[in-house]
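Take a look at the structure set out below.
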Amino acid sequence: MHIAIRRYSVDPEIYRDLKTRLETDFVPNLRSLDGFVSYYAINTGPDTLDTVSIFETKDGERKSTQLAAEFVKRNYPDTRVERINLDEGPCIVEHHAAVPV
């Protein structure tokens, strides 16, 4: 598994419609990438947003970062949405809650 964790400094006004835009514009494109596993967008404060993209392959994870930049440019051209950090790499430990059969 390969994971990209992106942190953004944002204008709080994006939270008015971010969920809708992510679900209708970004996530469908993300899901079409090879190796897609999961995606999370986290409101980490009034002016910060973190996202986590998980892929089976490094290539998918890297393409997700490119898609994220395109999404921001397309959807928020006049609003402050600035990526301030990107951590990416292979997952070295993975655990999941037990799922009842």
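The values are calculated or read from the model by the stated rules, or taken from the named source; none is laboratory data. Computed from a predicted model, the values in this text were never measured in an experiment. Note that we place each Cβ from the backbone using ideal geometry, even for glycine, and neighbour counts take in every protein chain shown.
Quick notes
- Residue tally, condition in contact with a Phe, Trp or Tyr (Cβ under 6 Å, 6 or more places away or on another chain) and either without any contact (Cβ under 8 Å) to a residue 60 or more places away in the chain or within 13 Å of Asn75 (Cα to Cα) (or both), over segment 1-13: 0
- Residues located in segment 50-83, provided they are β-branched (Val, Ile, Thr) and at pLDDT 95 or above: Thr51, Val52, Ile54
- Failed item, numbered, when Ala98 is tested on (1) loosely packed, with under 13 Cβ neighbours inside 10 Å; (2) part of a strand (DSSP E or B): (2)
- Residues (assigned to a strand (DSSP E or B) and in contact with a Lys or Arg (Cβ under 8 Å, 6 or more places away or on another chain)) located in segment 5-38: Arg6, Arg7, Tyr8, Ser9, Val10
- In segment 46-95, residue surrounded by the most Cβ atoms within 10 Å (Cβ to Cβ) [restricted to those that are hydrophobic (A, V, I, L, M, F, W, C) and in a loop (DSSP other than H, G, I, E, B)]: Cys91
Each row is one residue, and each column tells you yes or no for (1) in contact (Cβ under 8 Å) with a residue 60 or more places away in the chain; (2) in contact with a Phe, Trp or Tyr (Cβ under 8 Å, 6 or more places away or on another chain).
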site: Leu30; (1), (2): no, yes
site: Leu33; (1), (2): no, yes
site: Ile54; (1), (2): no, yes
site: Asp59; (1), (2): no, no
site: Thr65; (1), (2): yes, no
site: Ala69; (1), (2): no, no
site: Lys73; (1), (2): no, no
site: Asp78; (1), (2): no, no
